[in-house]
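The values are calculated or read from the model by the stated rules, or taken from the named source; none is laboratory data. None of these values were measured; they are calculated from a predicted model. FYI the Cβ positions are ideal-geometry reconstructions off the backbone, even for glycines, and counts take in every protein chain you see.
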Amino acid sequence: MIPQVPEKVAQNIHEFTGRRWILPRILDWLENTDERLLLIVGKPGSGKSMVSAWLAGLGPVPSNPADAEMLARLRTAVGAAHFCRSTSFNSPRDFAQNVAEQLAGVVEKFAEHVVASVSDRAKIINLGSKIEVQTAEAGANITGVVLHLELGDLTDDVTFDRVLRAPLISLYKAGYSKRTLIIVDALDEALNYRGANLVQMLKRMGDMPTPCRFLATTRRHSRVLDPLSGSRSIDLSEDEPSDQDSIRQYSYARLSALESAGRTRLAERIGEAASGQFLYAHLLLKDMAATFPADFDPEKVHLPDGLAGYYRENFEREIAVNRDTWFATIRPVLGLITVAQGQGLTSKQLERIAKKEVDQPVEMLGQYLNGKRPDGPFRLFHKSLNDFVVHERLIRAPDMHAAIAGYYHSLHNGASVWKKWDSYALLHVATHVAESALSEDGEDSVRVESLVRLVLDPGYQSEHKQRIGDLSSLQLDVQRAVRSAAWCDSERAIPLVIEAALGLVAFRRNELRPEPLFDLARQGQATEAARRADLFDLNPDWRNAVRLIFAWLAAQTNISDALSLRDSVAEGRSDSPTLKCLAARVDAAIRSQALPLLEPLPKARDEFFTGALVEYIGSGELLTNELSLSRGLQPPSSEEEGSGKFLARHDGPLLVSFAAAHHADNGDRFLRQYLSVHTGYQYVHYRQASLWVLLESVLRHPDQNWVREMLPEIAVSALAGSSAEFQEALPTAVLSLRAREGKPGARSEFSNRIAGAVEEARNLGPGSDSWGFYKRRLAGLAQAATLVPGMEQFVSDALSTAETLPYGFAGFQSPACLNLAETIRTCGKGGDALQRALDQALRAAHNIQEESFCARQTARLNTMFKWWDPEGFDIPKITTRLIEDPSAADFATIHRVSERYEARASTNGQIPHPKTLFELAKLYHQPIEELVRLNGRRWAPTDELPADEEVRVPDPGFATQLTARISVELLVEPTLTDEERIAGIRRLVPLASASATVLDTVLARLLLAAKPTGEVLEAIERVAGDIPAPPPVTQTVRLPS
């Protein structure tokens, strides 16, 4: 199948010249390594798309036999080529569908594996004959089949996995062994996609079969190169041998009408002037006359200075023809098209925004536009032109963004402005407002405030949800407001960044509630429910289980959507019998298949005993060993409780058995009570693990209707977030600033709060600070008290009391102890107290019962300790680096091979000691390819790692935790000015906002640095002055802690 190439590439590929030097380098990667990804890097206009099309089978074959043979070997391996575009064809779903349909035509049996993966969404059309590979033309169908995909509402990640990833894996498992090369052109254009993008998807391809390879072209863009660091790359300009000037060769071929000497020299000059940008030579030669005078001098032919010079001269000619027309008519339309988002702006939209007819300027700009005239929508034809127009200030981009935003904001006419907006506005006005705030002097605080007001407006959010139906897109708008406020240096930005960040936390809390998702599914909107569920933090098995439950619920009202979602779940790729059993029960319900063979439930016990099971998990004492033995059961052992195993393994079958035996008599009441205990448990990780065990028991119940009714309740409990987020440090800092400013009653209120907190903490009994709240509260009060003169004793009392608090759950205590150590440094203390806090943090980490969680927190602390010495790093430099690239290897956590976990209690069980990257990936539940990448490919996945070696481990949440640590050093670093201190902490806020607790800490330290007063403090107090009510105290439960 001939790949769908951009129109201008297809028109000009016959002119392709040079680039032969890349062939041996690509073949070396393809044939002599097991690396899955190769990047070809080049400037805008350097011919990356032409190279992709040439490798994929289009364009001329080199005249040199050796080069022709190498190209043939490459083209034989190519299975598909996909060309991303800035406004379309750049989603993972587009990519997966396009590549799968191409592979079906050239890779034997691939189409069958796709059909096995997505069932009725894929159809194979037999052409009736095959073509021998040796005689096939480029793009010919070799397999004799065509794959037709109808993906409906399948989401990006599901389509990518089910249509491409899973079929390729199963294809090679079934014995296919030939190389399959997939070309991805313009990977940087995929960054424009608003969801999970292709760069993120390609990061996940490291575990693909070795013969399956990806070659991607890209501009030198950090958002592409940093996540894919460690991948081999070829630079089209820097790596080209001096004797292989491809642009000179191309120019020489196009100048065939000239005599030899002049032709050679002019081609040389064009090659030099192009500076590696093929587009320059192409555009220039197209403009040149077909013939030159016989006596022309190649040295005197005028050549623009590079691609930017070419554009500059063309626009100068346009302007010189009629300056009035240019500035009054053409320039405004050019500006609007340049900054347009998505597919671009239509003629009607341009007319309404510019308030003038646009037919003439669109016609005059035609050579520079992509889009069908006269209606559009229109975008500039190439990224290099967009960059030129903005960089050369042919337009003022912020003003153009403001014009688009201003037009939409003007649409009142008696109705709510949001009701008058089209879908373009709902999707993109927030971007235009954000971009309009940019200026040479930083962010414009007035426009930043406009952005914050827009994205937090309930009317805007409601209209966006109703008409666009994309919560992730709406969340991106709120995140954009946080970033804009964080980079605004005005004093007014401090209340704005606080308001926007707290608005983001509130958005997640309000929108990420699980109950509405199941209501959506019952209404037949299973796919929409699944799309929203993707915003929740779930492991793969739970995510698939939730999708299956949605499909089951939707089947009664929308069977096609239910079947579609059901088919998106590849339960065969999971090792979990529970997931496979759930899938089988769903198939029995919605496809009228036979029920799977169910494991029998144990004999139901009496009501008193069953109630004692519920009471016991809530730390009651009714379930004695004697009671269990009297019912013919072995009691749950203390060893089992202490080793991180779950009582649900013991209790679940008995609770479900009782429910089945007393179905007509509210027999499931004890199971529902058991669920309610889980829902209130703040350790989300353990709650989900225990509920997965409970789900296994529920699926053993013989009644389909009962199971269907119970499944959403279990899933709601699994999806529920944790209310154990500490958010008192910020309002405490606000109160201390009021006291510092001398507001009536504020000092007394603050003093009483500290004294009361210290007194209450000193009277706590063992286990009373389960979630580390008291420790964090005292730390927040201590650092806030440093702002108020005369409160030195309060600071000492709060810190010393925090240090002696009784332990609670280790997973919460470890970060709380680290926060205490940071506060000790913030308060100007140190020495033994600081070291004791760090030691307590490590001891708590070692005693987290669940092995993966224990290893992760220990690795975080190993890394934190390296960052603890302020002499060890340049704080402004590391702050900038963290903000720009939080996924860099520098910010991975550190696992020590043969980690001893020396502080771990013997009753907690042993943590595994991985000896290879593969074993580490299993312990940390991280992709093996990320471990290989982060460690610079020092070891293969199965190489034995040296004892005590430090290995970098991916930890997506660590960069957020690190913002709190960095904020301390910014606060206390003596060489920084106040402005540098404030700006550094403020710019950490977007990264900190991923965790409500970390955000609270960083915002409090921002106030400690800024010490706002007057109207600014009053504005902050309005949005952050109230101490939140403490979360409900969860009863002690017998789950791992």
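Just a few scattered comments:
- The residues of region 757-808 that are of a type in the set (D, E, K, R), out of contact with any Phe, Trp or Tyr (no Cβ under 6 Å at 6 or more places or on another chain) and either surrounded by fewer than 22 Cβ atoms within 10 Å (Cβ to Cβ) or within 26 Å of residue 1006 (Cβ to Cβ) (or both), listed by number, are 759, 760, 762, 775, 777, 792, 797, 803.
- Checking residue 951 against (1) among the hydrophobic types (A, V, I, L, M, F, W, C); (2) assigned to a strand (DSSP E or B); (3) surrounded by fewer than 17 Cβ atoms within 10 Å (Cβ to Cβ), the condition it does not meet: (3)
- Residue list for region 494-529, filter: touching an Asp or Glu at 6+ places or on another chain (Cβ under 7 Å), of a type outside the set (Val, Ile, Thr) and not in a loop (DSSP other than H, G, I, E, B): 496, 520, 526
Quick grid of which residues meet (1) part of a loop (DSSP other than H, G, I, E, B); (2) of a type in the set (A, V, I, L, M); (3) closer than 30 Å to residue 235 by Cα:
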residue: 273; (1), (2), (3): no, yes, yes
residue: 300; (1), (2), (3): yes, no, no
residue: 311; (1), (2), (3): no, no, yes
residue: 329; (1), (2), (3): no, no, no
residue: 342; (1), (2), (3): yes, no, yes
residue: 360; (1), (2), (3): no, no, no
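- Single condition residue 462 does not satisfy, out of (1) of a type in the set (Gly, Ala, Ser); (2) at pLDDT 90 or above; (3) surrounded by 19 or more Cβ atoms within 10 Å (Cβ to Cβ); (4) assigned to a helix (DSSP H, G or I): (3)
- Residue satisfying all of: in region 315-344; over 14 Å from residue 395 (Cβ atoms) and polar (S, T, N, Q); surrounded by the most Cβ atoms within 10 Å (Cβ to Cβ) among these: 341
- Annotation for region 868-890: no member residue is within 31 Å of the chain's Cα centre (by Cα), within 28 Å of residue 762 (Cβ to Cβ) and in a helix (DSSP H, G or I).
- Top-ranked residue in region 773-813 [being farther than 12 Å from residue 736 by Cα and aliphatic (A, V, I, L, M); ranked as modelled with the lowest pLDDT]: 810
- Those strands (runs of 3 or more DSSP E) of region 112-188 in which at least 2 residues are in contact with a Gly (Cβ under 9 Å, 6 or more places away or on another chain) and modelled with pLDDT of 75 or more, considering only elements entirely within it, cover 145-149, 180-185.
- Region 891-920, residues that are buried (at least 18 other Cβ atoms within 10 Å of the Cβ) and part of a helix (DSSP H, G or I): 891, 908, 917, 920
- Which listed residue is assigned to a loop (DSSP other than H, G, I, E, B) and at pLDDT below 85, from 293, 304: 293
- Test: residue in region 994-1010 that is crowded, with 20+ Cβ neighbours inside 10 Å, assigned to a helix (DSSP H, G or I), modelled with pLDDT under 95 and small (Gly, Ala, Ser): yes
- So residue 231, is it in contact (Cβ under 8 Å) with a residue 24 or more places away in the chain and more than 14 Å from residue 40 (Cβ to Cβ): no
- Residue 245 vs. criteria of a type outside the set (Val, Ile, Thr), in contact with a strand residue (DSSP E or B) (Cβ under 6 Å, 6 or more places away or on another chain) and surrounded by 15 or more Cβ atoms within 10 Å (Cβ to Cβ): no
Per-residue answers, yes or no, for (1) buried (at least 21 other Cβ atoms within 10 Å of the Cβ); (2) of a type in the set (D, E, K, R); (3) closer than 18 Å to residue 380 by Cα:
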position	(1), (2), (3)
392	no, yes, yes
411	no, no, no
420	no, yes, no
425	yes, no, no
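- Pairs are defined by a Cβ separation below 8 Å, a sequence spacing of at least 6 or placement on different chains, a first member in region 1-30 that is under 19 Å from residue 95 (Cα atoms), and a second member that is surrounded by fewer than 16 Cβ atoms within 10 Å (Cβ to Cβ); the pairs so defined are 1/139; 2/138; 2/139; 3/139.
- Flag if residue 696 is under 30 Å from residue 555 (Cα atoms), buried (at least 19 other Cβ atoms within 10 Å of the Cβ) and acidic (Asp, Glu): yes
- Verdict on residue 443 being more than 25 Å from residue 468 (Cβ to Cβ), acidic (Asp, Glu) and either surrounded by fewer than 18 Cβ atoms within 10 Å (Cβ to Cβ) or touching a residue at least 40 places away in the same chain (Cβ under 8 Å) (or both): yes
- Residues being out of contact with any Leu (no Cβ under 9 Å at 6 or more places or on another chain) and either small (Gly, Ala, Ser) or in a loop (DSSP other than H, G, I, E, B) (or both) - total across region 372-398: 7
- So residue 498, is it under 22 Å from residue 707 (Cβ atoms) and touching a residue at least 40 places away in the same chain (Cβ under 8 Å): no
- Flag for residue 833 being in contact (Cβ under 8 Å) with a residue 24 or more places away in the chain, in contact with a Cys (Cβ under 6 Å, 6 or more places away or on another chain) and either within 19 Å of residue 998 (Cα to Cα) or not hydroxyl-bearing (Ser, Thr, Tyr) (or both): no
Yes/no per residue for (1) of a type outside the set (S, T, N, Q); (2) touching a residue at least 12 places away in the same chain (Cβ under 8 Å):
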{"site": "315", "(1), (2)": "yes, yes"}
{"site": "318", "(1), (2)": "yes, yes"}
{"site": "322", "(1), (2)": "no, no"}
{"site": "343", "(1), (2)": "no, yes"}
{"site": "351", "(1), (2)": "yes, no"}
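- A Cβ distance below 9 Å, combined with a sequence gap of six or more or placement on separate chains, defines the contacts here; from region 256-267, residues that are closer than 14 Å to residue 300 by Cβ reach residues that are among the hydroxyl-bearing types (Ser, Thr, Tyr) and crowded, with 18+ Cβ neighbours inside 10 Å in the pairs 266/251; 266/252.
- Of the candidates 236, 283, the single residue that is surrounded by 18 or more Cβ atoms within 10 Å (Cβ to Cβ), of a type outside the set (Ser, Thr, Tyr), farther than 30 Å from residue 29 by Cα and at pLDDT 85 or above is 283.
- Which listed residue is part of a helix (DSSP H, G or I) and either of a type in the set (Lys, Arg) or over 18 Å from residue 821 (Cα atoms) (or both), from 964, 983: 983
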